[in-house]
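Accompanying notes for the structure given below.
The values are calculated or read from the model by the stated rules, or taken from the named source; none is laboratory data. Note that the coordinates shown come from a computational prediction; the quantities given were computed from them, not determined experimentally. Here the Cβ positions follow ideal geometry from the backbone for every residue, glycine too, while neighbour counts run over all protein chains shown.
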């Protein structure tokens, strides 16, 4: 009933606040025998962490992850895996001015109302800091999916404010601080962000993530459809306000004869569906897009109320991303990996073994 | 691990195929003492059922729901509620031609691959027929939410192909077969649908649903955020390819100073967030939008393969909706009711009772 | 969070009261391709149902089960399976006298206090009538376990009041109305029950159940250990007050050198553990014993209170078992089948596929 | 699906091996506002930890627990609580001789078979070391239950081998290293244990735990009955082979007229049921008993096989408890606290609010 776990068969349970002693989590359900070390997870943590470029927050988070259990002599043992990242650069005095008032557009007000009290330091549990553990856990899933099934998960920025990315070259994505897969847009992004930073304002973004080599058959209808679980995962990332699979909202004006992906002996003729049919993976690339709102932690003054309900105003100081969407790229990858991993295990448990028509996944693994 | 249950505290578990003996389900977790009878559920079932207008499928589904348990002397007892709807008009011979080939854009291919066999009659479990039980269960949730908390849930068509709805008058929605809340668009819709039907093709749609009077505090971060669970619910409706909360994909080009909803002593000054902040309801209206793809059951011939992987073609005969999006309106309402109901119970269990700052919901109920 | 579901991977969710329209349930998670029909389930239902001998209640329950979904052309499809048993012989007037007072030793008082109201007809949801659906669902699990893994599940009466069963011959168990595996005790049982019935009183019993050919490796430590899940299942059967695995309470006085089951190249040298080590099946027979209390529905008058808390007395009329323990035999078998089935799926999902040391179960199926 | 979580509404998820870097866990679902610090948990950890007397293992575990999150300014915040205990005295060389052979009566064989590999150091995940985190988490539950509802949970040794405890004085229990509540038995216990230790053998034990002031109404039939969940919790403790509620196996020979607890205007006249009727707490004391097997880690040589299946023998050296049952007392208390806490939240969520007959618990809290 509580909400800090994700996944039914490959489950992560997380804890930790922005300015507490540490953040951490438990992975339960990782199959035994997978070669695993901290080094497998650190790469994505470094991609996510702030302070890596002048466009993201200057706060230094030393996201060094420790694997506390579940691995013996370099391999997973099938028991639960404890993950820990200590909080280092906390500087909590920066946040004193938000202890008694609610930042508009933040979780301050709703946490206070829901729980009757809140850890206001840096947003407490509602801080994006918490997503570091998702990235670490997603790294374990990525490793398994890649090693066992050849699944490749790649995210990228597809729009930042008015700058629309037009070409996707996965080789370009990780060569720039925007996770932009289109080299021809880098200058426009740089220019836009410079001006934005000067204005003290922030901007929204669109992020996309693709999974290739996904076997057909993942997804448990009618409620835990693969697309439904992906939507749950993505809408659960801080700041996400919209999720699309395949053609997404474009389908509103499409005709059936145009939208349907015809089948041929060589495979599907198109991929409007984004790799999911009837809630089950089709074997095509899974394509997901999401919209991320502009952060409300800006230096443009705004109206709000204090904890006593009186009118006041607020200027968020401290170090904040002008575009939180950028850093969502590795988070979105991690969440997609977690969903796929969960469904690989669920499918395998439920479907292997009866009759001759054993599905793909069981055969592959 | 299997996927036919929805909700953690107010749980529905469903069964049934398009052409089996019956569809049904179990509601587990309904609080005791709620006045309830079949009549409370039948209204929405009638709104959902096909054959009510010339724009939806002519198939007559006599969606008469029976409550088999959990109600005694007109009130819920707190025990599980069995729901049953018998299948009547089955005419399974219509579907014989799809036994050996896969309809493009359907779940035929993925079900076959996942399970190694499938009930091809009318789509089997993947048929939208299954959603009738969601609507019945949602009716129980709606009744509770309305009775106990005054929550009102209203869905409507917001776009159908090129026809964009511009005004929302909830009084208009249920007076026309399109669930269109804008009287000025009825003629355009009628015209468009006539032409479409003649062409044998289908069209996508956008559907919206709003919940009013929602108390602040619903949602269980960091994973079972209210918005994440809504996205899961909506993306799990057949044909949905995109979900938005509040401003949705419009946030990509918004600035922080524009997007953030300022707080005043009289409440929020705007509602770009769509009623959810940090994954928790803010007390504002919850606004959700979703995109529904055009059905692939059309009479325009298409290419496909048969179960042996050989190229063939297909024309879907039988009675099908040219726009499945229309009938999704009561389904979307039901799913939103189920999510809210689940979170009312979850919040109440987890948060009542400690200290003086008891949250809203516990106070109200 | 609500409690009418059992199992995480092979899940049953049940509904229904003693005197409602029907009882029923949903099996979610049954693998596809299993040959299945009502006939597979009816045998155990007939063994459980009352009225089959003069020692059990004379109430005629025509426990005819219907499979409403999830089976197509004689095989399971992998989708959820709806089960329904209509209530026929309800005679609710018999129970009028317990509407306003609580039977001592029954759930009457606790249901009233928990829910604030109760369906008093025949015990409502707390009636053993509900277990018929467990038996039906257990029948599906039994079929799978037998067909796919050769697992055999056999229950029997091991003690009834002072009559202790001394020999277990599974061939004898189902030839007598006591499920007694020891032919030499049938006369003593018959005599004891005759006298008991005359006295209007009831008696407790001990029931045992064994599973043979269970593969090594089932169980998910540290909380969902196989033995823990078995204890959950058995203690959840009406009237059960104690559960033992293997030597059970005898271990209190055993020494380590006596209790430990030594391993030899030909297998274990003994089975004090009852087939479970460290919460995981060892490949030996799983042996479970349980104690069932004497029913409180007796014609010996007793003191109680009414719904207003005033002192009164009660005599339970109607048709009741003098020893409810007897009928628990097929229920215990069903529950053990459900636990094993659940763990077969869980183990298979979680453990197949990595490295060369693929566990037994994956190899077998 | 994986098994390292316990509880549905107040959930703990644990990780950690005997000789890894640390053991730890996450509590999810603790209500906000509860005063909490490490000091609240340390007392029970000290009671559980070995090395406190000459009768338990001499291994020094410095079980110092850290609360890493979920508490702010001395109160719980409603977010997840991270717990960590570092492993200090690991001495893993002691265990080298069991790397290639299976200790009879241990989880060595089943872990190896299930997962294909195992962390053999000190039993890895199957070590009782893991229960320290259960005790810490149980401490949080105990604190809430005591503070909010006045519930008192007290365990004690009720039998050790042939020494049967005859009087229960809770004031005596914690004054001796046996958790023995009967001062007149201390000498007999001391004598027995001395002789046992000299023999190099081990002995079983019976442990009991009682909860007082439990409100009526806890338990979610028909599967998550309070007694069923207690049985699950207790049978899930290492070495437990039997669980009883109330009169337990004595009911086998009881008559209905003797067993039923009559109700009077002043309460129940007896407590054969052990505080649970129909799976729901009755408001009487909850009485639970369990049987713990003698540990197999003894210096008496035994036959076994090695990982290649060849016959060999084994003598377990190192520091081991001659009676593991003794230390189970605080663990059993913790598990009962976790079950009750879970059901308090579940009951409150599911039952508050409708109609005038609001149940007890909602009124109290």
Notebook entry, point to check: Has segment B:235-242 got any residue that is part of a helix (DSSP H, G or I), surrounded by fewer than 24 Cβ atoms within 10 Å (Cβ to Cβ) and within 7 Å of another protein chain (Cβ to nearest Cβ)?
Noted result: no
Notebook entry, point to check: Since residue B:185 meets every condition but one in (1) without any contact (Cβ under 8 Å) to a residue 60 or more places away in the chain; (2) under 25 Å from residue A:292 (Cα atoms); (3) in contact with a strand residue (DSSP E or B) (Cβ under 7 Å, 6 or more places away or on another chain), which condition does it not meet?
Noted result: (2)
Note to self: For the list (1) in contact (Cβ under 8 Å) with a residue 60 or more places away in the chain; (2) touching a strand residue (DSSP E or B) at 6+ places or on another chain (Cβ under 7 Å); (3) part of a helix (DSSP H, G or I), I need the number of the one condition that residue D:249 fails.
What the structure shows: (1)
Next item on the list: Might you let me know whether segment C:200-207 holds any residue that is part of a strand (DSSP E or B) and more than 8 Å from chain D (Cβ to nearest Cβ)?
Entry: yes
Next item on the list: Go through (1) surrounded by fewer than 18 Cβ atoms within 10 Å (Cβ to Cβ); (2) at positive phi and name the single condition residue A:217 misses.
Entry: (1)
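Which count do you get for residues in segment B:293-302 that are at pLDDT below 95, in contact with a strand residue (DSSP E or B) (Cβ under 7 Å, 6 or more places away or on another chain) and at the interface with chain A (Cβ under 7 Å from one of its Cβ atoms)?
Pass one, segment B:293-302, residues at pLDDT below 95: B:295-302.
Checking the rest, the ones that are also in contact with a strand residue (DSSP E or B) (Cβ under 7 Å, 6 or more places away or on another chain) come to B:301-302.
Then keep just the ones that are at the interface with chain A (Cβ under 7 Å from one of its Cβ atoms); that gives B:302.
The total comes to 1.
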Notebook entry, point to check: When residues of segment A:293-328 are filtered for being farther than 22 Å from residue A:192 by Cα and in contact with a helix residue (DSSP H, G or I) (Cβ under 9 Å, 6 or more places away or on another chain), how many remain?
Noted result: 6
Check: Checking residue B:303 against (1) in contact (Cβ under 8 Å) with a residue 12 or more places away in the chain; (2) surrounded by fewer than 24 Cβ atoms within 10 Å (Cβ to Cβ); (3) over 24 Å from residue A:287 (Cα atoms), which single condition isn't satisfied?
Finding: (3)
Note to self: Checking the conditions here, which among C:70, C:24 is away from chain D (no Cβ under 14 Å), at pLDDT 95 or above and crowded, with 24+ Cβ neighbours inside 10 Å?
What the structure shows: C:70
Item checked: Selection within segment B:6-21 - within 14 Å of residue B:81 (Cβ to Cβ) and either surrounded by fewer than 24 Cβ atoms within 10 Å (Cβ to Cβ) or facing another protein chain (nearest Cβ under 7 Å) (or both) -> B:11, B:13, B:14
Next item on the list: Taking residue B:40 as meeting all but one of (1) modelled with pLDDT under 95; (2) assigned to a helix (DSSP H, G or I), write down the number of the exception.
Entry: (1)
Margin query: Tell me whether segment A:91-112 contains one or more residues that are closer than 30 Å to residue C:224 by Cβ and either modelled with pLDDT under 95 or buried (at least 22 other Cβ atoms within 10 Å of the Cβ) (or both).
Written below: no
Margin query: When you scan segment C:166-176, do you find a residue that is modelled with pLDDT of 95 or more and either facing chain D (nearest Cβ under 10 Å) or buried (at least 23 other Cβ atoms within 10 Å of the Cβ) (or both), even just one?
Written below: no
Check: Pairs, please: C-beta under 6 Å, at least 6 apart or cross-chain, first residue on the phi > 0 side of the Ramachandran plot and at pLDDT below 85 and in segment A:309-333, second surrounded by fewer than 24 Cβ atoms within 10 Å (Cβ to Cβ) and assigned to a helix (DSSP H, G or I)?
Finding: A:318/A:94
Next item on the list: Kindly check whether there is at least one residue in segment A:307-315 that is at the interface with another protein chain (Cβ under 8 Å from one of its Cβ atoms), part of a loop (DSSP other than H, G, I, E, B) and closer than 27 Å to residue A:97 by Cβ.
Entry: yes
Item checked: When residues of segment D:177-203 are limited to those that are crowded, with 21+ Cβ neighbours inside 10 Å and under 16 Å from residue D:331 (Cβ atoms), the one farthest from the chain's Cα centre (by Cα) -> D:178
Check: Just a yes or no: is a residue in segment A:183-190 part of a strand (DSSP E or B) and more than 9 Å from chain B (Cβ to nearest Cβ)?
Finding: no
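Here's a check for you: in segment B:107-122, which residue that is more than 7 Å from chain A (Cβ to nearest Cβ) and in contact with a helix residue (DSSP H, G or I) (Cβ under 8 Å, 6 or more places away or on another chain) is nearest to residue B:240 (Cα to Cα)?
Within segment B:107-122, the match that is nearest to residue B:240 (Cα to Cα) is B:108.
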Margin query: For segment A:40-49, check the following and say yes or no: at least one residue is surrounded by fewer than 24 Cβ atoms within 10 Å (Cβ to Cβ), more than 25 Å from residue A:232 (Cβ to Cβ) and within 7 Å of another protein chain (Cβ to nearest Cβ).
Written below: no
Notebook entry, point to check: Of these, B:290, B:335, which one is more than 8 Å from every other protein chain (Cβ to nearest Cβ), touching a helix residue (DSSP H, G or I) at 6+ places or on another chain (Cβ under 7 Å), under 29 Å from residue A:208 (Cα atoms) and in a helix (DSSP H, G or I)?
Noted result: B:335
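Would you check which residues across segment D:212-234 are in a loop (DSSP other than H, G, I, E, B) and either more than 7 Å from every other protein chain (Cβ to nearest Cβ) or in contact with a helix residue (DSSP H, G or I) (Cβ under 6 Å, 6 or more places away or on another chain) (or both) and list them? Full working, then the answer.
Filtering segment D:212-234 for residues in a loop (DSSP other than H, G, I, E, B) gives D:213-219, D:221-223, D:225.
Scanning segment D:212-234 gives D:213, D:214, D:215, D:216, D:217, D:218, D:219, D:222.
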Check: In segment C:261-282, how many residues are assigned to a strand (DSSP E or B), over 15 Å from residue C:227 (Cβ atoms) and within 7 Å of chain D (Cβ to nearest Cβ)?
Finding: 2
